[in-house]
Amino acid sequence: MKVRGRVALSGGGVAALVLLAGFALLPLAQQPFVTRIGTGIFILALATISLNLLVGYGGLVSFGHAAYFGAGAYAVAILSHYGTHRGWIAFAAAVGGSALLALILGAASLRVRGVFFIMITLAFAQMLYHLSTAVEKLGGDDGLRVVPNSFGPLFLGERITLYYVSLGLLCAGLVISDRLVASHFGRVLVGIRDNERRMRSLGYNPYHYRLLAFVIAGALAGLAGALEANLDAYASPELLHWSISGDLLVMLVLGGSGSIVGPLFGAVSFQLVQQVLSGFTSHWMLYFGPALVLIVFVSRRGVAGLFAGTRPHHVRGGR
Amino acid sequence: MLRVRGLSKRFGGFVSNADIDLDIEPGEIHAVIGPNGAGKTTLVNVIAGDLRADAGEILLDGHDVTTLPTHRRARAGMGRMFQITSVLPSFTALENVAIAAQARGRSFRFWHRANADRDLNQRAEMSLARVGLSHQASALAGEMGHGEHRQLEIAMALVAEPCLLLLDEPTSGMSGADSVALIDLLRTISETTAILLVEHDMDVVFSLADRITVLASGRRIACGTPPEVRADALVQQVYLGAGATAAPAMAEHA
Amino acid sequence: MDFGLFAEQTLNGVQYGIMLFLMAAGLSVIFGIMNFINLAHGTLYMIGAFFFATFDAWLGNFAVALLLAILASLLLGLVLDRGVMQRLYDRTHLDQVLATFGLLMFFNELAAVLWGTEPYFIPVPALLDGTIALPGDIDYPVYRLAITAVGLLVALGLYLMVEHTRFGMLIRAGATDRETLSGMGVDVRWLYSGVFAIGVMMAALAGMVTGPLVAVQVGMGETMLIVAFVVVVIGGIGSITGALVSSLLVGVVDTLGRALLPVWLGYTAGPALASMSIYVLMAAVLLLRPQGLSGARRA
């Protein structure tokens, strides 16, 4: 890995390729349980990739990413509820709807910085959570059933099909975030993260770049949400719950925020830890919580520093 | 090039700039000097747009920029070098300058690698060459020395071809040899760009400036060519009266 | 909508607002002085309620149980500050968020282990049970009035402490300029401990006195925490008065919205809009006054 976590196909990049190749072969084991877990990991990794654009490269600590994830799922569910199961339409609605939502909420949230940004993103996501439980047409607390989407002959209700579609979209997400970060837009975003005042004096308006990053991240999270709705055959308020936002942040930082492949490793390790711990005890959070605190303590540069090793700088938490 | 009229800036009850007029002609190096707390840095910040003026107007190349935000003023042709070094530490020197060049073009491009943008890189290389930093093009800015940072900042400002360059103490913390090189560089730059220079070092001021504006307690007390300012009774009184470090330097040039 | 119901709901809103104030004041002062965001603040609201429920069940004495629960939460606050939080005050907000998210997971799970996932109900003490006749033909629960009064007394006490004691003077100095404090020879660590423990105590107190009105259960704190965040965003940081005004505003708007909007707009649109009302209020404040009602914003 090189400066700013770019994949130079060394270290992390190679490990990611090996991991993805392993995932591609995994269904050969013919274990339904394993394919389900795998699909869940791909979806969460995709959502974490989108959060990485904000936290890792934009320096924007959003604690409301469940909003866009859940909105994507609900877009699919609402269309399904009214009888539209065509994949292109449902996924376009999920991506477009989440992007629009991110535009609106981002425009308001980005007016403040630091702890206020964290609180406001959390509050807006909670608003959607309450809204989903209060609206009867959305099924209230129970949520909505989803008939899985079809893309021509590809039916996402088929376990293996959904597995490979999710894996494919995860790979696409990795490539997109890699190109985006290295693009003209991406380096302005990173520049604003590193030195906002300097970027202003060069002629950049930080608000525009941050808002656009917010919209792109929202769209990607919406895509992940659409997949989740197909996996669960359901969209429920749980997908909008603040704890999802927290989990996504934990995965991001465990894997290494501000690194392209970090979200993949974060999602995989978080799910593995969760599966292993919950094999021993139903109260796995009793151990994971303090572990998280310890990890933050042990690494002076934050959790990202612990895992990312040689990167010349780490993401700042928006102080 | 720059025309400032009746500019005032207060912080609570403290008046930092009061009714200041300032004119900078094309190709001119205009120095602003004054004792500590005279309001020099505030003036630069108000002109650059980091602070909003309480009263007065600022015209850049005939256009009113008084209420424009910083980034719009930068796009209108204001280049900037901060008092405290301000670069992008996680980018290479070349990338720093390329990002500065990119500010004038389209940045909403999402797919092609910006590093492979030949046009931007070429302009950045030329600018680096101009400040004598070509050999460090691929060094990380965060790992460069202080003198090199100052050069890099000038390269970043120059690449956008500004019509006015705001320099806040460009030679501070520089070794003697480095500042001599920098002074030479500024002199060449001034052939194409007007420069507003805030500086403590009187050697630099008197060897570079075409005209000097003197501030004291937020007010303009003098403005003129170096010999005029040197001869000004009020200026001498302010500097000698304050017992400031600048007084000997002032006398030396008198 | 008759006047009686309107007045009753307004009183309920004020009571809710006062509880929000107990949460938000602690959050706001902790932000202001330590530049620290604590996601576990709501969990302490829940822990307070569980402490109280347990002591009350053991002792059968409302007042003694309340006193013990207050002391226990102060102690917990001090231990948390010394054991965990002090290491986080100079870290990035992202680190603070992650560590306190870990604490939140831990405490919620611990509460589930110790107290189970079934809701607890705390009986209202006999002295405060029943209703009182208010002008306008309203029978209003005495207990709600009592806890509103308690909350107002705490707000007054907090105000007096901040404005008129040496500790309060240090808090005000710390909120504007942290460096001066160490210059004045103040042991900043103890100041931080005091501020943090008092913040925890107020959040826990809100949980305790709300206990008899609601089901005490795991997860009750986070809902409250997020609304307290809304209060802080609307109120701005640095003034107790700002936090109080904002808390009451949010409490009344939320409560009246839930009571009135379904009546006005029907049972489809009403609840939907009511669930959004305080967030829309927050968005409006962000657009018109990003610095919040009280004006000072440093973050």
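Comparison of C:Ala272, C:Ala243 shows that the only residue that is surrounded by 20 or more Cβ atoms within 10 Å (Cβ to Cβ), of a type outside the set (S, T, N, Q) and at the interface with chain A (Cβ under 9 Å from one of its Cβ atoms) is C:Ala272. Kindly indicate whether C:Thr223 is surrounded by fewer than 22 Cβ atoms within 10 Å (Cβ to Cβ) and under 16 Å from C:Met19 (Cα atoms). For C:Thr223, the condition - surrounded by fewer than 22 Cβ atoms within 10 Å (Cβ to Cβ) and under 16 Å from C:Met19 (Cα atoms) - is met. Checked against the criterion of being among the hydroxyl-bearing types (Ser, Thr, Tyr), open to solvent by 10 Å² or more (accessible area, probe 1.4 Å) and over 24 Å from A:Ala108 (Cβ atoms), the candidates A:Thr84, A:Thr35, A:Thr39 yield just one match: A:Thr84.
Within region A:189-215, being closer than 15 Å to A:Val61 by Cα and within 8 Å of chain B (Cβ to nearest Cβ) holds for A:Val190, A:Asp194.
Take the conditions out of contact with any Gly (no Cβ under 6 Å at 6 or more places or on another chain), modelled with pLDDT of 90 or more and not in a helix (DSSP H, G or I) and apply them to B:Glu153. Does it pass? Considered against the rule, which asks whether it is out of contact with any Gly (no Cβ under 6 Å at 6 or more places or on another chain), modelled with pLDDT of 90 or more and not in a helix (DSSP H, G or I), B:Glu153 comes out as no. Residues to consider are B:Arg123, B:Arg106; find the one that is open to solvent by 60 Å² or more (accessible area, probe 1.4 Å), outside the structural domain of B:Leu182 (by TED's automatic domain parsing), in a loop (DSSP other than H, G, I, E, B) and free of Cβ contacts under 8 Å to residues at least 40 places away in the same chain. Only one candidate qualifies: B:Arg106.
Output the qualifying pairs, or none if there are none: Cβ atoms under 7 angstrom, residues six or more apart or on different chains, first residue in region C:134-151 and within 19 Å of C:Asp2 (Cβ to Cβ) and open to solvent by 40 Å² or more (accessible area, probe 1.4 Å), second residue part of a helix (DSSP H, G or I) and of a type outside the set (Asp, Glu). These pairs meet every condition: C:Gly136/C:Phe3; C:Gly136/C:Gly4; C:Gly136/C:Ala7; C:Asp137/C:Gly4.
Taking the listed residues A:Leu105, A:Leu25, A:Leu79, the one that is hydrophobic (A, V, I, L, M, F, W, C) and within 14 Å of chain C (Cβ to nearest Cβ) is A:Leu105, with no other qualifying.
Is it the case that region B:59-80 has a residue that's away from chain A (no Cβ under 11 Å), charged (D, E, K, R) and either touching a strand residue (DSSP E or B) at 6+ places or on another chain (Cβ under 8 Å) or part of a loop (DSSP other than H, G, I, E, B) (or both)? For region B:59-80, residues away from chain A (no Cβ under 11 Å), charged (D, E, K, R) and either touching a strand residue (DSSP E or B) at 6+ places or on another chain (Cβ under 8 Å) or part of a loop (DSSP other than H, G, I, E, B) (or both): present.
Mind telling me which of the residues A:Gly258, A:Gly246, A:Gly225 ends up being assigned to a helix (DSSP H, G or I) and either surrounded by fewer than 24 Cβ atoms within 10 Å (Cβ to Cβ) or within 14 Å of chain C (Cβ to nearest Cβ) (or both)? Lay out the reasoning, then the answer.
On the way: A:Gly258 fails: assigned to a helix (DSSP H, G or I); A:Gly225 fails: either surrounded by fewer than 24 Cβ atoms within 10 Å (Cβ to Cβ) or within 14 Å of chain C (Cβ to nearest Cβ) (or both).
On inspection, the qualifying residue turns out to be A:Gly246.
Does A:Phe155 count as open to solvent by 10 Å² or more (accessible area, probe 1.4 Å), within 25 Å of A:Phe42 (Cβ to Cβ) and more than 13 Å from chain B (Cβ to nearest Cβ)? Break it down into steps so the answer makes sense when it comes.
Numbers: open to solvent by 10 Å² or more (accessible area, probe 1.4 Å): yes; within 25 Å of A:Phe42 (Cβ to Cβ): yes; more than 13 Å from chain B (Cβ to nearest Cβ): yes.
Spelling it out, A:Phe155 is indeed open to solvent by 10 Å² or more (accessible area, probe 1.4 Å), within 25 Å of A:Phe42 (Cβ to Cβ) and more than 13 Å from chain B (Cβ to nearest Cβ).
The residues of region A:28-40 that are assigned to a helix (DSSP H, G or I) and out of contact with any Phe, Trp or Tyr (no Cβ under 8 Å at 6 or more places or on another chain), listed by number, are A:Leu28, A:Ala29, A:Pro32, A:Phe33, A:Val34, A:Arg36, A:Ile37, A:Gly40.
For region B:81-103, residues that are at the interface with another protein chain (Cβ under 8 Å from one of its Cβ atoms), open to solvent by less than 40 Å² (accessible area, probe 1.4 Å) and not polar (S, T, N, Q) total 8. Looking at region C:113-126, can you tell me whether even one residue there is in a helix (DSSP H, G or I) and under 30 Å from A:Leu252 (Cα atoms)? Yes, some residue in region C:113-126 is in a helix (DSSP H, G or I) and under 30 Å from A:Leu252 (Cα atoms).
Name the single residue that is farthest from A:Ser62 (Cα to Cα) among those in region C:41-63 being of a type outside the set (Ser, Thr, Tyr) and under 12 Å from the mean Cα position of the chain (by Cα). Going through the qualifying residues, I end up with C:Gly48.
The residue of region C:275-299 that is nearest to A:Gln126 (Cα to Cα), among those that are within 12 Å of chain A (Cβ to nearest Cβ) and small (Gly, Ala, Ser), is C:Ser275. Taking into account only those residues within region B:136-154 that are polar (S, T, N, Q) and either closer than 15 Å to B:Glu95 by Cβ or over 20 Å from the mean Cα position of the chain (by Cα) (or both), which is most open to solvent (accessible area, probe 1.4 Å)? Of everything passing the filter in region B:136-154, B:Ser138 is most open to solvent (accessible area, probe 1.4 Å).
The values are calculated or read from the model by the stated rules, or taken from the named source; none is laboratory data. Just so it is clear, the structure is predicted and the values come from calculations on it, not from any experiment. Cβ coordinates were reconstructed from backbone atoms using ideal geometry, including for glycine residues, and neighbour counts include every protein chain displayed. Note: accessible area is taken over every heavy atom of the protein model, side chains too, but ligands, DNA and RNA are not part of it. Shrake-Rupley method; radii C 1.70, N 1.55, O 1.52, S 1.80 Å.
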